[in-house]
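Trainee: Below you'll find the structure I mean.
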Amino acid sequence: MSEMSFEQMLEESLKTIRNGEVVEGTVIDVKPDEIILNIGYKSDGIITRSEYTNEPNVDLTTMVKPGDTLEAKVIKVNDGEDQVLLSHKRLAAEKGSKRLEEAHANNEVLTAKVVQVLQGGVCVIVDETRIFIPASLVSDVYEKDLNKFKDQEIEFVISEFDPKKRRIIGNRKVLLTAKKAELQKELFEKIHVGDVVEGTVKNVTEFGAFIDLGGVDGLLHISEMSWGRVENPKKVFTVGQTVRVFIKNITETKIALSRKFENENPWNGANEKYAIGNVVSGKVARMTDFGAFIELAPGVDALLHVSQISHDHVEKPSDVLKIGQEVEAKIVDFNEDDKKISLSIKALTAPVAEDEKEEVAENV
C-alpha cells in the first residue's frame, strides 16, 4: 500500500460540502462588501454584502469582525476561483420565515426599522425577511408623506403570511387603533363636562383645531376659540402649542372643547358698562347697507344704524366710515337678553339749524 502525500492526507481530512448545505465557519477577514470564512474546507467561504443582508449599502466591517462564528448556506461549491459562495441572508430568511409564521399565528407584536419607503407603503426587515406595510396600514390617520418613517423603529403585527407568494404583510394601524381605544376609555372615565384641561394642538383646520388631551383628540370649534371673532384659526393656533380649554360637551366618542370661560365673558356687567345714555368708543368691525357693527370689546358688537351716523343723509355706512376706524357714540338701546346694543353718533351732536345750513351754503 503506497503512502499518501501530505496534500492527499490534508484533503482527506477536510470535509466535503454540497450546495444547499448549512455550514459553520470562523470569520478570518472582513471587507466593506464581503466576509471571508474558514469553513474547514479546502477553499474559504465567501459571503458578499448582498448575501449577508437585505439592508442596502451596509459596511460589513461594522457588522462582523475576525473571530466571529457564522452559519451560512452553501450556494455554489466552486465559484470558478476555488472559493465557496455562501449566504447568511438566505439561511436567516428561512429561520425568520418560521418565526414570522408563528408571530402571525400568535398575533405577536414585532419591532423593526423601516428600511425603505415606497409609493404605496414602507418595508421593514425581520431576520432578513422583507415585510411590506401598506400606506393604509402604516397609521390610523392619513399620512401624506411616508418618508417621516424612514429609519424609524415601529411596532406592527403580521396580518397576512403567504411565503410561497412572497407576500408577508404587516399592520401597524391595528395597534395604534387599539392603543387609542384604550387611552380613550381611560380618559372618558375621568373627564366630565366643565373640567378645565390642558392639551396640545395636533391639527388646525378652517373650522377649528384638534387638541390632543392625552392620546384622544377633542375639537375646539372656531366659534368656541374666543369670545371675540376669529376669522382664521391658523392665525391663532400652531401645531404643538399648549392650550388651556374646558370640556363643553361629551357625546359618545367625541369631545367638544371651548376657550370661552364664563369669568372672561365680556357681557359680564354689561348692563352697567353699556347702559342707555353711556358714551362708548369702538372700532368698525363690518358694514352692511343698513348700518355698521362696532366692536366695543372682543365679543361685544353694537349696531350703528345708517340713520344714526349723521344728521345729514347717509346713503350707506361705507360712504363715511372705514373698517377699523375708531368711533365714539352714545348707547340708545340695550337688550341684555338678546345681547343687542344700538348706538348713535348723531345723538352726540345737536342738529344744524336750517338757517345755519343756508348761511354755510351761501358762503361756499
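The values are calculated or read from the model by the stated rules, or taken from the named source; none is laboratory data. Just so it is clear, the structure is predicted and the values come from calculations on it, not from any experiment. Neighbour counts run over all protein chains shown; Cβ positions are idealised from the backbone, glycine included. Side chains are part of the model used for accessible areas, which takes the heavy atoms of the whole protein and leaves out ligands, DNA and RNA. Shrake-Rupley method; radii C 1.70, N 1.55, O 1.52, S 1.80 Å.
Trainee: Just the residues that are part of a loop (DSSP other than H, G, I, E, B) and either open to solvent by less than 60 Å² (accessible area, probe 1.4 Å) or touching a helix residue (DSSP H, G or I) at 6+ places or on another chain (Cβ under 6 Å) (or both), please, taken from the stretch 247-270.
Mentor: If the condition is that a residue be part of a loop (DSSP other than H, G, I, E, B) and either open to solvent by less than 60 Å² (accessible area, probe 1.4 Å) or touching a helix residue (DSSP H, G or I) at 6+ places or on another chain (Cβ under 6 Å) (or both), then Lys260, Phe261, Asn265, Pro266, Trp267, Gly269 are the ones that fit.
Trainee: Checking Lys98 against (1) part of a loop (DSSP other than H, G, I, E, B); (2) open to solvent by 70 Å² or more (accessible area, probe 1.4 Å); (3) under 15 Å from Arg166 (Cα atoms), which single condition isn't satisfied?
Mentor: Just one mismatch for Lys98, condition (1).
Trainee: When you look at Lys202, is it within 24 Å of Tyr142 (Cβ to Cβ), charged (D, E, K, R) and either in a strand (DSSP E or B) or under 16 Å from the mean Cα position of the chain (by Cα) (or both), yes or no?
Mentor: It is true that Lys202 is within 24 Å of Tyr142 (Cβ to Cβ), charged (D, E, K, R) and either in a strand (DSSP E or B) or under 16 Å from the mean Cα position of the chain (by Cα) (or both).
Trainee: Mind checking which residues of the stretch 28-73 are among the β-branched types (Val, Ile, Thr) and either more than 17 Å from Leu91 (Cα to Cα) or in a strand (DSSP E or B) (or both)?
Mentor: Ile28, Val30, Ile35, Ile36, Ile46, Ile47, Thr48, Val58, Thr61, Thr62, Thr69 - these are the residues of the stretch 28-73 that are among the β-branched types (Val, Ile, Thr) and either more than 17 Å from Leu91 (Cα to Cα) or in a strand (DSSP E or B) (or both).
Trainee: Return yes when Asp127 is on the phi > 0 side of the Ramachandran plot, open to solvent by 20 Å² or more (accessible area, probe 1.4 Å) and among the charged types (D, E, K, R) and no when it is not.
Mentor: yes
Trainee: Still on this structure: What number of residues in the stretch 277-300 are without any contact (Cβ under 8 Å) to a residue 40 or more places away in the chain and open to solvent by 40 Å² or more (accessible area, probe 1.4 Å)?
Mentor: 6
Trainee: Also, I was wondering about something else. Please pick out the residue among Val138, Val122, Val109, Val117 that is in contact (Cβ under 8 Å) with a residue 40 or more places away in the chain and either of a type in the set (A, V, I, L, M, F, W, C) or open to solvent by less than 20 Å² (accessible area, probe 1.4 Å) (or both).
Mentor: Every option except Val109 fails the conditions.
Trainee: Could you run through the stretch 85-119 and say how many residues are more than 20 Å from Pro134 (Cβ to Cβ) and at pLDDT 90 or above?
Mentor: Residues that pass the stated criteria total 4.
Trainee: Within 30 Å of Glu94 (Cβ to Cβ), loosely packed, with under 12 Cβ neighbours inside 10 Å, of a type in the set (D, E, K, R) and over 15 Å from the mean Cα position of the chain (by Cα): does that describe Arg244?
Mentor: no
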